[in-house]
1. Go through the range A:49-66 and give me each residue that's facing another protein chain (nearest Cβ under 8 Å) and either touching a Phe, Trp or Tyr at 6+ places or on another chain (Cβ under 7 Å) or without any contact (Cβ under 8 Å) to a residue 12 or more places away in the chain (or both).
2. If we keep just the residues of the range B:94-143 that are among the charged types (D, E, K, R) and crowded, with 16+ Cβ neighbours inside 10 Å, which is farthest from the other protein chains (Cβ to nearest Cβ)?
3. Among all residue pairs at least 6 apart or on different chains, which show Cβ distances below 7 Å where the first residue, located in the range A:74-103, is touching a residue at least 12 places away in the same chain (Cβ under 8 Å) and the second is of a type in the set (Ser, Thr, Tyr) and part of a helix (DSSP H, G or I)?
4. Tally up the residues in the range B:79-93 that are assigned to a strand (DSSP E or B) and open to solvent by 100 Å² or more (accessible area, probe 1.4 Å), please.
5. Of all residues being basic (Lys, Arg) and open to solvent by 30 Å² or more (accessible area, probe 1.4 Å) in the range B:1-56, which is farthest from the other protein chains (Cβ to nearest Cβ)? Just the residue, please.
6. In the range B:90-130, which residues are closer than 21 Å to B:PRO7 by Cα and within 17 Å of the chain's Cα centre (by Cα)?
7. Out of the helices (runs of 4 or more DSSP H) lying entirely within chain A, which hold 1 or more residues that are modelled with pLDDT of 90 or more and open to solvent by 70 Å² or more (accessible area, probe 1.4 Å)?
8. Quick check: anything in the range B:67-76 within 14 Å of chain A (Cβ to nearest Cβ), in contact with an Asp or Glu (Cβ under 7 Å, 6 or more places away or on another chain) and either among the basic types (Lys, Arg) or open to solvent by 70 Å² or more (accessible area, probe 1.4 Å) (or both)?
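The values are calculated or read from the model by the stated rules, or taken from the named source; none is laboratory data. The shown structure was predicted, so the numbers you read here are calculated from the model rather than taken from an experiment. Every residue, glycine as well, gets a Cβ built from its backbone with ideal geometry; the counts of neighbours run over all protein chains shown. Keep in mind that these areas ignore ligands, DNA and RNA; they rest on the heavy atoms of the full protein, side chains included. Shrake-Rupley method; radii C 1.70, N 1.55, O 1.52, S 1.80 Å.
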Amino acid sequence: MIDSISPELMLKQIEQFKPEIPGVGANAPDGMDEDFKKVLTKLISEVDQSQKDADVSLQQLAKGETNSIQDVVLKMEEADVSFKMMLEIRNKLLQAYKELISAQA
Amino acid sequence: MAIELIPAAAISSSALDAERARMEITANNLANVQSTGKNGQVYSRRIPVFEAVYSEQFGHDGIQNLAGVKMKDIVADPRQPLELYAPYHPSADQKTGMVKMPNISPIEEMVDMIAATRAYEANLSVIKQSRDIADKTITLGRQ
């Protein structure tokens, strides 16, 4: 069941987020900040890992240790797609940050 | 793998492996059309047997349980070997002069090869579409 969007509810949500925007309201609680940092770091390391995986399987193919071409190509695609996702997330974050900055100016 | 964004990548990969093995069997059958052996020991046509793979033994219904396909077995075609009258042949029977040839029909093998190629291509397009939908979903937020 999807709740209907009411202006009161949205205002409440904005009120909730207020302390997390630096310079607006009180200082952001450290826990939330730290959590997001952790999630982002984990995502980046996973993307890095998938690139390394692709690299390793490509080397295995070159050495003749594996015959499975599709495995190598799939891993490269996986690395490509996950990198693109990371890039999109970064772009979205930067975009949000820029909008906040321009809102203050 | 830590991060899996392309749906069904592992499943389609197993299908490609299976079709590849099927192609190798067809190649081996075609290569051995003329093979003969001593004392009636002759190569017989090989047939691949495919089997569905489940990640668990019980309860095959969940989507997580479906894990693609594998080549379960390679069996010999039970049909009788062909016989050819060639008394000059070193593998020929001393009395009758008949040579036993493998029970392989090149036409049959060619048809099988085409089927394997088409099946491989079908699985390739599954991978392609999966990659595309992952790509499209990721770029959803873009203006």
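1. If the condition is that a residue be facing another protein chain (nearest Cβ under 8 Å) and either touching a Phe, Trp or Tyr at 6+ places or on another chain (Cβ under 7 Å) or without any contact (Cβ under 8 Å) to a residue 12 or more places away in the chain (or both), then A:GLN49 is the only one that fits.
2. B:LYS100
3. Final answer for the pair search is A:LYS75/A:SER57; A:GLU78/A:SER50; A:ALA79/A:SER50; A:SER82/A:SER50.
4. 2
5. Taking the range B:1-56 as the starting set, the residues that turn out to be basic (Lys, Arg) are B:20, B:22, B:38, B:45-46.
In the following step, the residues that additionally are open to solvent by 30 Å² or more (accessible area, probe 1.4 Å) were identified as B:20, B:22, B:38, B:46.
Details: B:ARG20: 8, B:ARG22: 14, B:LYS38: 33, B:ARG46: 19 Å.
Per the stated criteria, the residue is B:LYS38.
6. Let us first name the residues in the range B:90-130 that are closer than 21 Å to B:PRO7 by Cα, namely B:119-130.
B:ALA119, B:TYR120, B:GLU121, B:ALA122, B:ASN123, B:LEU124, listed by residue number.
7. A:30-63, A:69-104
8. Within the range B:67-76 (the criterion being within 14 Å of chain A (Cβ to nearest Cβ), in contact with an Asp or Glu (Cβ under 7 Å, 6 or more places away or on another chain) and either among the basic types (Lys, Arg) or open to solvent by 70 Å² or more (accessible area, probe 1.4 Å) (or both)), the answer is yes, since at least one residue qualifies.
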